[in-house]
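Enquirer: I have a structure here, written as structure tokens, and I will follow up with some questions on it.
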Amino acid sequence: MSASLFPFFGVPRRFGRGMLDLLYPPLCASCRAPTTEAHSLCAACWQAVSFLDGPCCALCGYPFEFDPGAGTLCAGCLARRPSYDRARAVMRYDDKSRDLILAFKRGDRLDLAPSFAKWLALSGRDMLADAELIVPVPLHRSRLWIRRFNQSAVLAHELARLCSCPAGPFVLERTRRTPSQGEMPSAKARRRNVLGAFRVLRPDAVRGRKILLLDDVFTTGATIEACARALKRARAEKISVLALARVVRAVSRDI
């Protein structure tokens with residue numbers, strides 16, 4: 001068969017997509033205004049999101065106001081080095097991103113997952129190129145029963161579809177239901193709250209492998225740290241952390 005005919009095989013698919021867009025025009029994932037591409041943001045909403053693509057701590061990814069040079073660590077990592085090897089987040093957790101994330105995890109807006117996965121794949125491309133397994137931060141079974149889905153597991157599934165790295169949604173287990181981290185008065189209380197709250201159900205899936213630990217929001221890092229410790233005890237070779245958003249405080253972090 002002539003190679004010149006190959007391009008025509010894509011015509012029915014493109015025609016079908018064009019008809020679908022005509023009947024159901026793609027809308028902004030946030031404000032529902034018309035867009036040119038499905039699972040994307042309009043120009044106004046895109047500009048309102050504070051993406052974290054500037055200088056940051058070489059270890060935890062906390063953003064710096066100016067570039068202090070490659071390899072610089074923040075004060076928090078210098079005082080207490082985390083168990084993971086590197087962490088990055090897509091965007092700042094603020095009013096705009098909060099609305100998007102809460103709509104996703106509490107408003108059943110699962111249609112946002114493909115957009116979030118694309119952003120995660122872009123921000124975490126270096127870590128994904130090195131990872132062998134994507135492990136989402138788990139919910140306790142009682143909370144999972146109420147919410148009906150684990151938002152981090154949904155993101156892990158979507159991210160696995162975009163790259164060659166498989167997802168392991170049942171590798172980690174949350175062994176006890178802890179109070180919300182937002183209710184804790186200090187970073188020390190948050191660390192104590194999740195101490196020993198996670199265990200690895202499948203050590204064979206972790207041992208000697210490079211893990212990408214995935215969460216929706218990186219707040220103080222206490223939950224991520226507890227998960228990373230459990231993975232380290234299971235002898236994971238390397239742990240990278242990728243979050244959809246992270247809290248960036250206007251003042252110095254509580255160490």
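Enquirer: Just one of (1) of a type in the set (Asp, Glu); (2) surrounded by 15 or more Cβ atoms within 10 Å (Cβ to Cβ); (3) not in a helix (DSSP H, G or I) trips up residue 108, so point out which.
Expert: (2)
Enquirer: Kindly establish whether residue 236 is crowded, with 19+ Cβ neighbours inside 10 Å, in the same structural domain as residue 84 (by TED's automatic domain parsing), over 19 Å from the mean Cα position of the chain (by Cα) and within 28 Å of residue 122 (Cβ to Cβ). It would help to see each step written out before you state the result.
Expert: Values: crowded, with 19+ Cβ neighbours inside 10 Å: yes; in the same structural domain as residue 84 (by TED's automatic domain parsing): yes; over 19 Å from the mean Cα position of the chain (by Cα): yes; within 28 Å of residue 122 (Cβ to Cβ): yes.
So residue 236 passes the test.
Enquirer: Filter the range 222-255 for residues that are under 10 Å from residue 84 (Cβ atoms) and in contact with a helix residue (DSSP H, G or I) (Cβ under 8 Å, 6 or more places away or on another chain); which is modelled with the lowest pLDDT? Steps first, please.
Expert: In the first step, residues of the range 222-255 are kept if they are under 10 Å from residue 84 (Cβ atoms); the result is 224-225, 227-229, 231-232, 236, 238-241.
Checking which are in contact with a helix residue (DSSP H, G or I) (Cβ under 8 Å, 6 or more places away or on another chain) leaves us with 225, 231, 236, 238-241.
Working: 225: 94, 231: 97, 236: 98, 238: 97, 239: 98, 240: 98, 241: 98.
Residue satisfying both the conditions and the ranking: 225.
Enquirer: Mind listing just one residue for me: the one in the range 139-175 that is of a type in the set (Gly, Ala, Ser) and assigned to a helix (DSSP H, G or I) and, of those, surrounded by the fewest Cβ atoms within 10 Å (Cβ to Cβ)?
Expert: Taking the range 139-175 first, the residues of a type in the set (Gly, Ala, Ser) are 142, 152-153, 156, 160, 164, 167-168.
Checking the rest, the ones that are also assigned to a helix (DSSP H, G or I) come to 142, 152-153, 156, 160.
Values: 142: 11, 152: 24, 153: 21, 156: 28, 160: 20.
Of everything passing the filter in the range 139-175, 142 is surrounded by the fewest Cβ atoms within 10 Å (Cβ to Cβ).
Enquirer: So which pairs qualify, if the first residue must be in the range 151-169 and in contact (Cβ under 8 Å) with a residue 40 or more places away in the chain, the second must be β-branched (Val, Ile, Thr), the Cβ gap must be under 7 Å, and the two must be at least 6 apart or on different chains?
Expert: Matching pairs, first to second residue: 152/137; 156/134; 159/134; 165/134.
Enquirer: Among the numbered criteria (1) in a loop (DSSP other than H, G, I, E, B); (2) at pLDDT below 90; (3) hydrophobic (A, V, I, L, M, F, W, C), which single criterion is violated by residue 22?
Expert: (1)
The values are calculated or read from the model by the stated rules, or taken from the named source; none is laboratory data. This structure is a prediction, so every number in the text was calculated from the model and none was measured. Note that we place each Cβ from the backbone using ideal geometry, even for glycine, and neighbour counts take in every protein chain shown.
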